[in-house]
Amino acid sequence: MADQAVVSGTTFVTQFLIARQLGITDYGYFSVMILGQLFLLSLQESAISGVFQVMYHQTKKGDQQKYVNGILSIQYLFLLLVVFGSMAYYHFSKNNELSKYSLVVGLNIVLFLLQDFYRRYFVTINAASKAFLIDAINNIGQLIFLLFFALKNSLTLESTLWICALSFAPAILIALFWAKPKMYNWKQIQYAFSLHYNQSRWMLLSALMQWLSGNFFVVSAGWWLGAAALGALRIGQYLFGFINVFMQAVESYALPKVSETTSNTANTFLYLKTLLLKLFKTAIPIILLIVIFSQPLLRLLKIETTPEHFYVIIGLALTQMVIVFGYPVRIAIRVLKLNRNYFIGYVMATTFSLLTAYIIIHQWQVRGVVVGIFCSQIILVSYWLWVLKKNHFATWKSFISF
């Protein structure tokens, strides 16, 4: 909870500070980088860090260090691929706004992914205080430097990107000192790969579908409606974004805990049901407060508000409630290793997005984006609930009865 107070609070302030200083169009370009980070994070989580959180406690005690060393090596090989990808992007894409910042954008993405991995690593090995410290160092340091440049009226898109990138460095150096990684042992890499292969192949495909189902409407809005529309949507999402950050941290904590209960389905179900109740008690009051105070906040940020903004906020609030409900359902699917069904759910949501985005966005503009995101989440969670019922884990009524 202390970790999330730091991460959620600073992220909330940081994003709105950047939006206010850069303006809606440059913030739209900054959001392109954020979407890239989230896309690669979903790949990393599905193939490496997320599977690690489940498999670590299911690995024999004597093999855990060998597994850790192997997975650290795989993580660094993945980051090396990201570096090569950034270099290729710089070489082939020189005609858009972000291409001249390719170096710092790539640095942001690589360091962001590395810190997220170590945060999950420390939580998994029951060293949550270390995860808290590296998050605090990064997020608070980043906010301090952004405020300093903002007060000097020198916060530009380029300086913002450099500040965000360099703020990761101290936290990562400390994480490396604590973890003392031992890498590049081929036998350990093979061992870790063998544990991840069967689990991650469905999860990796699911990550691609997950990113598309969650972001295709947003990316399409940027493509068809322009960078300013993308920036406006991302600001709306960031109003609720710290709730998602909180729930992702809950998932990081809950996955290894629930994986320890899988031998007793009743205990697993009770844990997830209790988790759902706690999530609702925490998230719903915050969602209502955001809806009430959204327009004064947007005016404070010098963003012109219209009735359209209000409908967007309402739609995102309803979507957020579906997402909150879906988190324990998602965790249940993962710990029960129903990875094929996890993937199919995202295929269904993505198919809906691909088939309807053009029509909905051109018909209802930004409001259509929100309708599309809401419907794709409903499709996803409904299918997963049906899968749990089919596997005799829970029914919809029993899952929501307290």
Can you pull out every residue in the range 328-345 that is over 24 Å from LYS273 (Cβ atoms) and touching a Ser or Thr at 6+ places or on another chain (Cβ under 6 Å)? PHE343
Contact list, first residue from the range 1-20 and more than 19 Å from SER159 (Cα to Cα) and of a type in the set (D, E, K, R), second anywhere and open to solvent by 30 Å² or more (accessible area, probe 1.4 Å) and at pLDDT 75 or above, beta-carbon distance below 8 Å, six or more apart or interchain, is ASP3/ALA128; ASP3/PHE132
Restricting to the range 108-131, what's the tally of residues that are over 11 Å from GLN53 (Cβ atoms) and touching a Pro at 6+ places or on another chain (Cβ under 6 Å)? 0
Cβ pairs under 8 Å, 6+ apart, first in the range 134-147 and more than 12 Å from PHE12 (Cα to Cα) and of a type outside the set (Lys, Arg), second open to solvent by less than 80 Å² (accessible area, probe 1.4 Å) and outside any helix (DSSP H, G or I): ASN138/SER167; GLY141/SER167; GLN142/SER167; PHE145/SER167; LEU146/LEU155
Note on the range 105-127: residues of a type in the set (Val, Ile, Thr), modelled with pLDDT of 90 or more and under 12 Å from LEU161 (Cα atoms) are ILE109
Mind checking which residues of the range 360-402 are open to solvent by 70 Å² or more (accessible area, probe 1.4 Å), at pLDDT below 90 and in a helix (DSSP H, G or I)? HIS362, GLN363, TRP364, GLN365, ARG367, LYS389, LYS390, TRP396, LYS397
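Output the residue which, of all residues in the range 266-299 that are of a type in the set (Ser, Thr, Tyr) and closer than 26 Å to PHE16 by Cβ, is least open to solvent (accessible area, probe 1.4 Å). Steps first, please.
Initial filter on the range 266-299 (of a type in the set (Ser, Thr, Tyr)): 268, 271, 274, 282, 294.
Checking which are closer than 26 Å to PHE16 by Cβ leaves us with 282, 294.
On the way: THR282: 56, SER294: 1 Å².
Among those that are of a type in the set (Ser, Thr, Tyr) and closer than 26 Å to PHE16 by Cβ, it is SER294.
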Could we say that VAL68 is closer than 28 Å to SER220 by Cα and hydrophobic (A, V, I, L, M, F, W, C) here? no
Condition set open to solvent by less than 10 Å² (accessible area, probe 1.4 Å) and either touching a Lys or Arg at 6+ places or on another chain (Cβ under 6 Å) or within 24 Å of PHE148 (Cα to Cα) (or both), scope the range 20-51, selection modelled with the highest pLDDT: answer is SER49
Restricting the search to the range 163-187, which residues are over 23 Å from ALA127 (Cα atoms) and buried (at least 18 other Cβ atoms within 10 Å of the Cβ)? ILE163, CYS164, ALA165
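How about the range 231-240: which of its residues are open to solvent by 10 Å² or more (accessible area, probe 1.4 Å) and modelled with pLDDT of 70 or more?
From the range 231-240, those open to solvent by 10 Å² or more (accessible area, probe 1.4 Å) are 232, 234, 237-238; that's our starting set.
Scanning the range 231-240 gives ARG234, GLN237, TYR238.
The values are calculated or read from the model by the stated rules, or taken from the named source; none is laboratory data. Not measured: the values here are computed from a predicted model. Note that we place each Cβ from the backbone using ideal geometry, even for glycine, and neighbour counts take in every protein chain shown. The protein model used for the area step is the full one, side chains on, heavy atoms only, and it has no ligands, DNA or RNA in it. Shrake-Rupley method; radii C 1.70, N 1.55, O 1.52, S 1.80 Å.
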